[in-house]
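Note sheet for the following structure.
Read-outs: derived from the displayed coordinates by stated rules, not from any lab. Here the structure is a predicted model, which means the values were calculated and not measured. Because the Cβ atoms are built from the backbone with ideal geometry, glycine has one as well, and the counts that use them run over all protein chains shown.
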Amino acid sequence: MARSKIALIGAGQIGGTLALLAGLKELGDIVLFDIVDGVPQGKALDIAEAAPVEGFDAAIAGTSSYASIEGADVVIVTAGVPRKPGMSRDDLLGINLKVMEQVGAGIAKYAPNAFVICITNPLDAMVWALQKFSGLPASKVVGMAGVLDSARFRYFLAEEFKVSVEDVTAFVLGGHGDTMVPLTRYSTVAGIPLTDLVKMGWIEAARLEEIVQRTRDGGAEIVNLLKTGSAFYAPAASAIAMAESYLRDKRRVLPCAAYLDGQYGIKGRYVGVPVVIGAAGVERIIEIDLDKAERAMFDKSVAAVEGLVEACTKIAPALA
Ligand code: APR
């Protein structure tokens with residue numbers, strides 16, 4: 001059977017890590033695309049030279065031509081620019097929207113059957129724009145945020161409780177960052193909800209709230225440490241988990257920015273919710289009951305997404 005093909009649009013910090021992880025996991029052949037000539041080619045060659053040492057088989061190519069992504073089964077998009085000091089939110093939106101337009105056209109032309117995972121920020125708006133620009137079915141275009149946010153939450157909880165990260169599950173809804181909605185009653189240690197662990201005396205409610213807040217600020221914590229750039233290992237690992245679930249039809253239940261068509265009372269927007277990812281892409285959107293406080297946080301998150309989408313349609317009226 002032919003190997004799957006994974007196209008990575010953007011060969012920066014996350015793109016390079018995605019390529020290495022996809023190789024190590026033998027997910028398929030890899031094409032690294034970037035507009036900066038030499039970078040995708042150099043990273044591809046460097047990773048290919050690691051293959052004999054690590055013992056994985058994958059063809060890894062670097063390119064600046066969209067034609068090379070032809071027939072990709074999975075496309076992961078990190079192309080774009082980060083927000084720099086002095087740049088307004090709308091400046092950033094304007095630049096990255098243009099990038100999504102180019103990337104969407106490239107995918108539409110060369111990889112219309114792919115499962116597309118968007119990572120470029122501001123995520124909930126960029127994935128929405130990418131789906132529109134590419135014209136791919138909404139079930140085949142998702143955004144990566146929730147897997148990363150819940151991974152951070154899981155790591156912090158595992159550290160706190162001194163248990164394996166494997167036994168901590170976490171549930172996070174809504175947008176990335178400030179408006180993230182961590183659901184403590186659906187987050188567990190080996191099936192025991194965090195709310196029960198508070199009752200059992202494992203953790204004080206106030207300490208749990210601190211961990212929730214640290215999770216919300218997880219991206220900023222890394223930016224402050226790195227000073228030049230943002231997180232890339234965990235974001236890449238998170239997107240690879242989503243790609244793997246699609247390629248291997250694992251049907252994992254993962255929180256992703258998914259297109260809502262009436263679920264949670266929302267239509268035509270991308271919002272972080274739990275979904276099942278299998279061979280058909282987003283096979284199911286899981287609608288859980290939210291209590292009053294959770295619903296209020298979720299609504300706040302949706303309002304933030306709405307604000308970004310409105311700003312996008314002002315910049316690019318064709319998207320409306
Ligand atoms: N087409 C293709 N690639 C592009 C384009 C474009 N139009 N514009 C920029 N790029 C490339 C850049 O050349 C760079 O190599 O996108 C890459 C982005 O890489 P980094 O700047 O290293 O950013 P990274 O840390 O990988 O994050 C990528 O993910 O988490 C988000 O906020 C983050 O939006 C950012 C994205």
Just check the stretch 237-320 against the gyration tensor rule for me: Cα atoms, a ≥ b ≥ c as the square roots of the eigenvalues, rounded for a/c under 1.5, and otherwise prolate or oblate depending on whether a/b exceeds b/c.
oblate
Could you state the angle between the C-alpha long axis of helix 39-54 and the longest principal axis of the C-alpha atoms of the chain, as a value from 0 to 90 degrees rounded to the nearest 10?
70
Suppose R0 equals 45 Å. What FRET efficiency, 1/(1 + (r/R0)^6) with r the Cβ-Cβ distance, do A2 and D217 give to the nearest 0.05?
0.55
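Taking neighbour Cβ counts within 10 Å as the exposure measure, how do K25, K109, K267, K140 sort from fewest upward?
Numbers: K25 16, K109 13, K267 10, K140 21.
The most exposed by this proxy come first: K267, K109, K25, K140.
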Below 30 Å, Cα to Cα, which lysines can K227 reach? Residues fewer than 8 away in the same chain don't count.
K43, K84, K98, K162, K300
Work out, step by step, the length gained on full extension between T228 and E70: first 0.36 nm times the residue separation, then minus their alpha carbon distance; give nm to one decimal.
53.5 nm
Quick check: residue separation of Q102 and E210 times 0.36 nm, minus the Cα distance between them. What number comes out in nm?
34.8 nm
Could you give the size of the charge dipole of the chain about its Cα centre, using +1 on the Cβ of each K and R and -1 on the Cβ of each D and E, expressed in debye and rounded to the nearest 20?
420
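What is the packing order of peptides 52-61, 235-244, taking the mean over residues of other C-beta atoms within 10 Å and listing the highest first? Display every interim value, and only then the final one.
On the way: 52-61: 13.9, 235-244: 23.0.
Most protected by this proxy first, the peptides run 235-244, 52-61.
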Distance between modelled label sites at E310 and K25, nm, 7 Å Cα→Cβ extension
3.8
At Q41 and R89, where each label point lies 7 Å from the Cα along Cα→Cβ, what is the point-to-point distance in nanometres?
4.1
Rounded to the nearest 500, the 222 nm mean residue ellipticity computed for the chain from DSSP H runs (n ≥ 4, each -39500 (n - 2.57)) alone is -14500 deg cm²/dmol
